[in-house]
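> One structure coming up, written as structure tokens, with questions to follow.
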Amino acid sequence: MKGFCGLWLVCLLACAMVAQATEVSLIRNGSFEMDVNGQISDITAYHPTNWLDVNVPVSKFSGFVNNYWATNGNLSLALSTGIYATFQQGDSAAVSQCVFFGDVNKIAFDLQLNTEYPLYVDWDSKLFSAIITIDGNTIWDSNEVGLNQNGVYHIEVNDINVVPGSHLLGIGIRANTAATPYYYYYIARWDSISFVTPSSVKVYPPGDSNQDCIVDIYDLQAFANGWLQYTAGPDLSGDGFNNFADYAIFADNWMLGCTEGPIEPNFIDPPETDFNNDGVIDYGDLFVLCEDWLGGGGPCVRSDLNEDGLVDFVDFALFAEYW
């Protein structure tokens, strides 16, 4: 193991410090573009990348990622009720991921609420709501803000009152009363989920020529139009030409979306020891491990690398391999 003993001494020093872990306020794959297979017909069988705790009771709900509607890129997540299913008040379906709240003051997201085939009716907010939760507690309810018509919405949630640190963010659909909606089903479609901070700026990934927050076929067309021409195409490598060096960078960022804040876009699947999602295994990640030291596991304790319910020397050894 590279530098195990030396790194452990650093860890002892870091744990003795009062300094806080440096974390990036980031929601990963908020536009559902990062999945290798693109569209997902059943998210209980194949979870959307970076989203965990997929809780979709198949007897009452279904979940999928498709290109029926999207506001950023080509894909969005849909959570749907089942036809003929009988619901009790509080029945819900949701997906969630671990996030870090630092200077976040808003959660931004795009949402479409409607009902579909075989009988079209308006979304009835008395029956169902789209919800956002933090650690299982509802912080936003579409029923409370009057979303009772079909359409596309962009809503910002202000004044998120949570203690800075790691939390479980969930998006879902919930039954507000006992009901059996015969012949039609309710669908909540989610896209472009991100944090907004006071100094937040949109960072475009390398290769996103048209700056639509996704490196896709349209950027490939711009790339091809300037192929082997001096300064005519995307010069990603900075050598003045559009050539294979640029194509390698372009390919590495294929289907990568924007990020919020000063951080740079990173790999689709960074090492699991990159606890703070900043693209490098460094002291910020070491601080996270130290703060979790000898604590129990859980959905948002990323430093429990062997998932035995305890952050200990085994996890430190796994962490040291990536230093």
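Any read-out appearing in this document is the output of simple, stated calculations on the displayed coordinates, not a laboratory observation. If you're wondering where the values come from, they're calculated on a predicted model, not measured in any experiment. Please note: Cβ atoms are built from the backbone with ideal geometry, for glycine as well, and neighbour counts cover all protein chains shown.
> Got a sec? How would V58, V95, V157, V65 order by Cβ neighbour count within 10 Å, fewest to most? Don't skip to the end; give the middle numbers.
Details: V58 12, V95 22, V157 16, V65 26.
Lowest count first: V58, V157, V95, V65.
> Now for a separate question. Compute, for segment 52-196, the length of the dipole vector about the Cα centre, with Cβ point charges of +1 (Lys, Arg) and -1 (Asp, Glu) only. Units Debye, rounded to 20.
My answer is approximately 280 debye.
> Another one. Could you calculate the contour length gain from V162 to Q39, that is, 0.36 nm times the residue separation minus the distance between their Cα atoms, to one decimal place in nm?
Values: separation 123, 0.36 × 123 = 44.28 nm, distance 3.34 nm.
Contour length minus the Cα-Cα distance gives 40.9 nm.
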